[in-house]
Amino acid sequence: MNEIKDIATPQRTKKILEKYGFTFKKSLGQNFLIDTNILRRIVESAKLMETSGVIEVGPGIGALTEQLAKKAEKVVAYEIDKRLIPILQETLSPYEHVKVINQDILKSNVKQMLDEEFKQDQDIAIVANLPYYVTTAILMKLLEEELPIRSIVVMIQKEVAERIAASPNSKDYGSLSIAAQFYAISETVFTVPRTVFVPQPNVDSAILRLTIRDKPPVSVTDKDFFFEVVRASFTQRRKTILNNLSQYFNSTLSKSEVEDILQSAKIEPKRRGESLSMEEFAILAETLYKRQNTL
Ligand code: SAM
């Protein structure tokens, strides 16, 4: 299929957009990639096999979809903007193993689609150049649904990638880092300048790879409560964990009770949330959970 001209060149993209009179919608995060090398590097980061299945979010005019189609057995792409559907029908016509679904990924039943479109136990990766305005919502949906997938490789705003992959005691570390790292091993693979998009966004981007874990690195009785404790601990980053938690739980626990709980979890009450590892948050959440449920 190498004789087919790549979609992701400035000339071909311009031609396609002009032919259909397409105008970008900023509200849908439409920044299309026009650099085939970057696309190839994204696809390489996903470590696809000939038998792999791929889910893409937001194919745009098909620039990334095409490169994925060259490597994978099947690609299913969700695109919210119905104006792009006839364009994709044309640009992706050489690739019969690509299916485009005109749906908002946030409202779609991905699990059911996986059952219907892919083989049981097939190697599945999610690969996307995500729209900036809903990056975290999309990533958290895909992680929280605990889909039977191997990895998620996404182009996102550089700052968000740094927050997701951050370690304790860094300024980027917060509840988003813990939420993502609970489900996956997170790494920033490479950064991308804004010049490889049309139109150019006003932020730089990075490729984030999330390798899904078989099971979470910590065991907690109630996952929602664990994440609640994590979020509460970061309510005001400059405050101590004691102050943040006693404010959050003030209807059920006094400040000295929270202090007592922190001490039995072996966490110095004067520490800040950003200094706690995921393991420490898990111990803290378990101690709090037991105390709350035996009152
Ligand atoms: N993949 C293309 C590329 O790399 O050139 C386009 C990427 S562009 C950053 C994001 C795409 O996601 C747009 O095509 C946009 O219409 C689509 N999109 C935005 N919100 C979406 C949603 N909630 N569900 C599915 N697609 C969405």
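Structure values in brief
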read-out: All positions within region 107-132 that are within 15 Å of the ligand (Cβ to nearest atom) and surrounded by fewer than 13 Cβ atoms within 10 Å (Cβ to Cβ); value: LYS107, ASN109
read-out: Pair list, Cβ under 7 Å, 6 or more apart: region 10-38 residue within 11 Å of the ligand (Cβ to nearest atom), other residue part of a loop (DSSP other than H, G, I, E, B) and basic (Lys, Arg); value: none
read-out: Residue that is farthest from the chain's Cα centre (by Cα) [pool: residues in region 40-84 that are away from the ligand (no atom under 11 Å from the Cβ) and part of a helix (DSSP H, G or I)]; value: ALA69
read-out: Test result for SER246, more than 19 Å from the chain's Cα centre (by Cα) and among the hydroxyl-bearing types (Ser, Thr, Tyr); value: yes
read-out: Hits in region 76-89 (condition: open to solvent by 70 Å² or more (accessible area, probe 1.4 Å) and out of contact with any helix residue (DSSP H, G or I) (no Cβ under 8 Å at 6 or more places or on another chain)); value: LYS82, GLN89
read-out: Residue under evaluation ILE7, criteria (1) within 11 Å of the ligand (Cβ to nearest atom); (2) open to solvent by 60 Å² or more (accessible area, probe 1.4 Å); (3) at pLDDT below 95, criterion not met; value: (2)
read-out: For ILE87: the one exception among (1) part of a helix (DSSP H, G or I); (2) over 21 Å from ARG150 (Cα atoms); (3) within 22 Å of the chain's Cα centre (by Cα); value: (3)
read-out: Residues (open to solvent by 10 Å² or more (accessible area, probe 1.4 Å), in contact with a Ser or Thr (Cβ under 8 Å, 6 or more places away or on another chain) and among the aliphatic types (A, V, I, L, M)) located in region 205-252; value: ILE212
read-out: Qualifying residue in region 97-105 (condition: part of a helix (DSSP H, G or I) and within 13 Å of the ligand (Cβ to nearest atom)); value: yes
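The values are calculated or read from the model by the stated rules, or taken from the named source; none is laboratory data. This is a predicted model, so every value here is computed, not measured. Note: ideal-geometry Cβ built from the backbone for every residue, glycine included; neighbour counts use all protein chains shown. Keep in mind that these areas ignore ligands, DNA and RNA; they rest on the heavy atoms of the full protein, side chains included. Shrake-Rupley method; radii C 1.70, N 1.55, O 1.52, S 1.80 Å.
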